[in-house]
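**Student:** Take this structure first; my questions come after.
The values are calculated or read from the model by the stated rules, or taken from the named source; none is laboratory data. Note that this is a predicted model, so its numbers are computed, not measured. Cβ placement follows ideal geometry from the backbone for every residue including glycine, while neighbour counts extend to all protein chains displayed. With ligands, DNA and RNA removed, areas are computed over all heavy atoms of the protein, side chains included. Shrake-Rupley method; radii C 1.70, N 1.55, O 1.52, S 1.80 Å.
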Amino acid sequence: MLWKVAWRNIWRNRTRSLVIIIAIALGLWAGVFASAFVVGMMHEKIDSLIKLEISDFQVHHPKFRDEQDVRFFIAEPEKLIEGIRREEGVRGVSERLVVNAMISGPGQSGAAQVFGVDPEREAVVSGLNTYIDSGAWFEGIKRNPIVLSHRLAEKYHVKLRSKLVITVQDVHGEITAASFRVAGIFDTKNPPFDDRQVYVRRSDLDALLGSEGKVHEIAVSLDDHEQADPMASKFAAVRSDLEILPWMDLTPGMRLMIGMLDTYTYYIVGIIMLALLFSIINTMLMAVLERVREIGMLMAVGMNKMRVFSMIVLETIMLTMIGGPVGLILAWGSVNYFGKVGINVGGSAYADMGFAATVYTRLVPQTYLIITLMVIGMAILAAIYPARKALQLNPSEAIRKI
Amino acid sequence: MNEFVIEARNLSKVYPGAVDVHAVNHIDLQIENDEFTAIVGPSGSGKTTLLNLIGGLDRPSTGEILVNGHQIHDLTDNQLIDFRLRHIGFVFQSYNLIPVLTALENTEFIMLMQNIPKAQREQRAIELLNEVGLGEKLHSRPTQLSGGQQQRVAVARALASKPDFVLADEPTANLDSESAFNLLDIMARLNKEEGITFLFSTHDQRVIDRARRVITLEDGRIVSDIRQS
């Protein structure tokens, strides 16, 4: 019957209870949805980063990434590549030459990072061929084809079949140059990427550098990003003379960001709950102060303190647990819906930062369970002060309160 | 069985202040089983304070209170609450029913706190509500009942725990004449037929006329104690 009393007490002031229930529901929904949006946006960014830019894990000479010296090749890569290819879950392996170069077009020069790749293998790893919207991925030009972005094409005033000169320092430290013709132009909608990287055939860059078939970088793409860390560790253990790093260690701060993403939702929801906590305390305090005489009577006729406390706690939990699930169901529905159809955020500001124009909301299922536990915890916390206030009533005085 | 259901010895209650207020001043009182006693006196004479002390709602400054021979003035708060639950029935001036419960549930509620099984408490609640003439109003909430009907539910609730006695603080103060007489008839019948001891404070002459014993207080002291036929 205590449950019945608590339940009915909630509806004594229907408007007030509905207001707080709606506040809890909307607060939770907003918190969870906002988190799912940010998590989705960051995952889009990370997925794009992994796929297009860094792949799941990479292999380098230990000094190559820091010094970018053209002579820091990967020693004896063949056996390692063969071993990687044999692993289950490996989608593709791309060996690359990577060199900082000067590019000269008609009337314009600038710096760029030139990647010498095997077109077929690179297409599997980075999928850059899918972003080509003018020309083709290393097709149509027989000698020294080059693929670059629209932004660079505009910068160097070139179009398909135009000539560009790449100047680099070869393995002997000599400055050397070769001309290339534009075979394809891509647009990844990722300006930082598009402004920096151009692609040529590895054999062409090899000839220019005099690298004799050696490579600077092995990029590996996997079916599951989660396997990058263990697989990179596995090969790193075998080849301690090389730097073999998973995607989260290839970009500064990425591992930290991933860690933060896992807890981000709880911070956001926690802050909203803190605000809701005071609203619930206020509501329950009003409910207790309005019923001083009734609570005094209950204590007078023999309701012990534990039962009085339980009654107030029950009311608070019930009030919260109506709004909580409503908010979570709303959040679950909207996160799932926009996880499928996406939200078009448009705008070049996002694109300039490398974010996708469409964000797919996402949240791991266990988040809902943890948030539910947080809501229950909040309800109990919110109940304590009003319940203590009720316990402090003196029944002989309380029953005379008007 | 003790000779007295209630016994107060040298009972005092002082509210300290710039000038101490002696709400109850060295009172000795014995109430026997089956009594139907009214405590009367002008406002501020100490009627309610005396009832609060006897009911364990307030603690005396000095003196002792015994209920069926048990000292109650030195019980802890929790022990007092439990004692009230098992030994004392209360009827308040303002009915003080739980507004979200029906008449039946209000009557049952006190038995729930005594951990009496559902079937048993429902049967007793129905019997009691029938006794106070509310057999047709079992499922009405307090707002659907008149003042007199609510006070009769309060009497049924007070009796539900099978108390040693019932304390009623100005039970007819908010009732019209008809409701007041009706309630007094019920209380008198319960006293006479079932031997329930009633002790009530009042300045309602209708109640005083029906009481078999009238104790008059003035300035916290008993100034007269009359048994009437």
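**Student:** Looking for something closer than 28 Å to residue A:189 by Cα and open to solvent by 30 Å² or more (accessible area, probe 1.4 Å) - is there at least one such residue anywhere in the range A:69-80?
**Tutor:** Kept after step one, since they are closer than 28 Å to residue A:189 by Cα, are these residues of the range A:69-80: none.
The answer is no, given that none of the residues of the range A:69-80 is closer than 28 Å to residue A:189 by Cα and open to solvent by 30 Å² or more (accessible area, probe 1.4 Å).
**Student:** Let me ask something else. Being closer than 17 Å to residue B:134 by Cβ, β-branched (Val, Ile, Thr) and facing chain A (nearest Cβ under 9 Å) is the filter here; which residues of the range B:92-123 pass it?
**Tutor:** Of all residues in the range B:92-123, those closer than 17 Å to residue B:134 by Cβ come to B:95-99, B:101-111, B:121-123.
Retained after the next criterion (residues that are β-branched (Val, Ile, Thr)): B:98, B:102, B:107, B:110.
B:98, B:110, listed by residue number.
**Student:** If you take the residues of the range A:138-151 that are in contact with a Gly (Cβ under 9 Å, 6 or more places away or on another chain) and open to solvent by 10 Å² or more (accessible area, probe 1.4 Å), which of them is nearest to residue A:115 (Cα to Cα)? Write out each step before concluding.
**Tutor:** As a first pass, look at the range A:138-151 and keep what is in contact with a Gly (Cβ under 9 Å, 6 or more places away or on another chain): A:138-141, A:145-148.
Pick out the ones that are also open to solvent by 10 Å² or more (accessible area, probe 1.4 Å) and you get A:138-141.
Numbers: A:138: 13, A:139: 17, A:140: 19, A:141: 17 Å.
Taking the candidates together, the pick is A:138.
**Student:** Report whether or not residue A:306 is farther than 16 Å from residue A:27 by Cα and within 14 Å of chain B (Cβ to nearest Cβ).
**Tutor:** Numbers: farther than 16 Å from residue A:27 by Cα: yes; within 14 Å of chain B (Cβ to nearest Cβ): yes.
Against the criterion (farther than 16 Å from residue A:27 by Cα and within 14 Å of chain B (Cβ to nearest Cβ)), residue A:306 qualifies.
**Student:** Which condition does residue B:80 not pass, out of (1) more than 22 Å from residue A:7 (Cα to Cα); (2) of a type in the set (A, V, I, L, M); (3) assigned to a loop (DSSP other than H, G, I, E, B), if it passes all the others?
**Tutor:** (3)
**Student:** Now for a separate question. Might you let me know whether the range A:136-149 holds any residue that is β-branched (Val, Ile, Thr) and at pLDDT below 95? Walk me through it before giving the result.
**Tutor:** Step one: of the range A:136-149, the residues β-branched (Val, Ile, Thr) are A:141, A:146-147.
Adding the requirement that they be at pLDDT below 95 leaves A:141.
Yes, the range A:136-149 contains at least one residue that is β-branched (Val, Ile, Thr) and at pLDDT below 95.
**Student:** Please go through (1) surrounded by 18 or more Cβ atoms within 10 Å (Cβ to Cβ); (2) under 30 Å from residue A:174 (Cβ atoms); (3) not polar (S, T, N, Q) for residue A:37 and return the number of the only condition it doesn't satisfy.
**Tutor:** (2)
**Student:** For residue A:90, work out the one condition from (1) assigned by TED's automatic domain parsing to the domain that holds residue A:209; (2) open to solvent by 40 Å² or more (accessible area, probe 1.4 Å) it doesn't fulfil.
**Tutor:** Failing condition for residue A:90: (2).
**Student:** Working only within the range B:58-86, note down all residues that are touching a residue at least 24 places away in the same chain (Cβ under 8 Å) and at the interface with chain A (Cβ under 9 Å from one of its Cβ atoms).
**Tutor:** B:58, B:83, B:84, B:85, B:86
**Student:** Separate question: Where the second residue is surrounded by fewer than 16 Cβ atoms within 10 Å (Cβ to Cβ) and not small (Gly, Ala, Ser) and the first is touching a residue at least 24 places away in the same chain (Cβ under 8 Å) and lies in the range A:234-253, which pairs have Cβ atoms under 8 Å and are six or more apart or on separate chains?
**Tutor:** A:241/A:62; A:242/A:62; A:243/A:62
Rundown of residues vs (1) open to solvent by 90 Å² or more (accessible area, probe 1.4 Å); (2) farther than 30 Å from residue B:58 by Cα; (3) more than 31 Å from the chain's Cα centre (by Cα), yes/no style:
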position	(1), (2), (3)
A:361	no, yes, no
A:364	no, yes, no
A:369	yes, yes, no
A:380	no, yes, yes
A:384	no, no, yes
A:395	no, no, yes
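**Student:** So which of B:204, B:185, B:169 is charged (D, E, K, R), open to solvent by less than 30 Å² (accessible area, probe 1.4 Å) and without any contact (Cβ under 8 Å) to a residue 60 or more places away in the chain? If you could, list the steps in order and put the result at the bottom.
**Tutor:** On the way: B:185 fails: open to solvent by less than 30 Å² (accessible area, probe 1.4 Å); B:169 fails: without any contact (Cβ under 8 Å) to a residue 60 or more places away in the chain.
That would be B:204, the only listed residue that is charged (D, E, K, R), open to solvent by less than 30 Å² (accessible area, probe 1.4 Å) and without any contact (Cβ under 8 Å) to a residue 60 or more places away in the chain.
**Student:** Among the numbered criteria (1) modelled with pLDDT of 85 or more; (2) part of a helix (DSSP H, G or I); (3) away from chain B (no Cβ under 14 Å), which single criterion is violated by residue A:47?
**Tutor:** For residue A:47, the failing item is (1).
**Student:** With (1) open to solvent by 10 Å² or more (accessible area, probe 1.4 Å); (2) of a type outside the set (D, E, K, R); (3) in contact (Cβ under 8 Å) with a residue 40 or more places away in the chain; (4) assigned to a helix (DSSP H, G or I) as the list, and residue B:158 as the residue in question, which single condition is left unmet?
**Tutor:** So residue B:158 meets the others, but not (1).
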